[in-house]
Each structure stands twice: as structure tokens, then as C-alpha cells.
1. If each residue's Cβ is checked for other Cβ atoms within 10 Å, how do C100, C16 rank with the fewest at the top?
2. Using each residue's phi in the range 75-88, evaluate 6.51 cos²θ - 1.76 cosθ + 1.60 at θ = phi - 60° and report the 3J(HN,Hα) Karplus result to the nearest Hz, with x for Gly and Pro.
3. Counting each DSSP H run of 4 or more residues in the chain as -39500 (n - 2.57), what helix-only mean residue ellipticity at 222 nm follows after dividing by all residues, to the nearest 500 deg cm²/dmol?
4. Apply the Karplus parameterisation 6.51 cos²θ - 1.76 cosθ + 1.60, with θ equal to phi minus 60°, to every residue of the range 23-28 and state each ³J(HN,Hα) to the nearest whole Hz, in sequence, with x for glycine and proline.
5. Students often get this wrong, so try it: which of (i) 35, 26, 12; (ii) 37, 17, 15; (iii) 41, 18, 12 is semi-axes √(5λ) of the Cα gyration tensor in Å as calculated from the structure shown?
6. If you rank T101, T5 by fewest surrounding Cβ atoms within 10 Å, what's the result?
7. Where in the chain lies the longest segment free of trypsin sites (Lys or Arg not before Pro) that are both loop residues by DSSP (not H, G, I, E, B) and have at most 12 other Cβ atoms within 10 Å?
8. Would you tally the net charge around D9, using a Cβ to Cβ cut-off of less than 12 Å, leaving D9 out, and scoring K and R as +1, D and E as -1?
Amino acid sequence: MIKLTNLADYAVVLMCHLAQEPRELSSAVGLAQMTGVPVPTVSKILGALSRASLLRSQRGLKGGFYLGRAAEDISVADIVEAVDGPIALTNCIEDAPGDCTLETLCTMKPHWQVINMAVKGALSGVSLAEIAAPPITAQSLRRLAGTAAELGGGRS
């Protein structure tokens, strides 16, 4: 199973919350209250996201954090990499010699990069705007279909 770290998961949760209220400034304490993520963890993540220019901050009594660019221009890969570093499925991809006892015999090492790029490409193809949007339900699809039928005069 490929699994994100808890920090990356929480970072996505925080970014989604900020994307849903893009005009509001959010403090670490406020985000912690809204998401249930502990304040020290929120502070750590906000720092990493700010260093990656995914968030900006405004100082002062009514200060807080806001998205550094449009939600459509931020990918899930951007968020994960800001918190966890480069997306890599195996240690040998990260140029860390000696992490694997099979390193000198391994014929897969050159091929893992292809797999790694596919995973990163998939995460890069999903924007924050997409995952922050309310989920499409059967009810909303029916409502959209009804609106389309009304606009088209009921003809298909």
C-alpha cells in the first residue's frame, strides 16, 4: 500500500479548508479548531507550506494565512512535496546510497524512476480546487440534469 504521511494528509486537509474560504485569513489556532488537527502540528505544516510559497501570511491582530496562489494552480503533489519532500516510492530513488542491501545488484533501480514519475504525475494532475470542491452527489447530478433540461426547453 502506498501511504501518505500523517503530515501530508493533514496538509491536504488544511489546504482544502483554506481553499474553501479563500478570502478569509485563518490563524493556526482557528485552523486547528476547524479541522481537529492539533495546534503544534498545524503550525509546523503552515510553516512548511509557507516556505514552499503555497501559503502567504499576514501579520497582526487580524492576521493569518491564505493561499499563495489560486487553488486551481496548486496540485496535490505540490502540497505533499512541501511537507514530505520529493515524492519517491523507494529509498534508492532519493540518491541515498547505502539504504538498501541489494543496491549493487538491483536491476530495478533505473526503472523505479519511471514508476515514481507516474505517481507524481497523477498527484500533479489533481488540483486543490478539485478536491476542495463539494463532492458531486446523485442529488446534485439530478439537479444539474434538471437545470440543463430547463435551459434546453426540456428537449434532449
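1. C100, C16
2. 9, 4, 4, 4, 5, 4, 5, 5, 9, 9, x, x, 6, 9
3. Details: 7 runs with 80 residues, N = 156.
When only DSSP H runs of four or more count, the value is -15500 deg cm²/dmol.
4. Coupling constants for the range 23-28: 8, 9, 8, 10, 8, 4 Hz.
5. Working out semi-axes √(5λ) of the Cα gyration tensor in Å from the coordinates points to (i).
6. T101, T5
7. In short, 63-154.
8. On the way: positive: K3; negative: D84.
Overall, the nearby charge balance is 0.
Every number here is computed from the coordinates shown, using simple stated rules; none is lab data. These numbers were taken from a predicted model, which means no experiment stands behind them. Please note: Cβ atoms are built from the backbone with ideal geometry, for glycine as well, and neighbour counts cover all protein chains shown.
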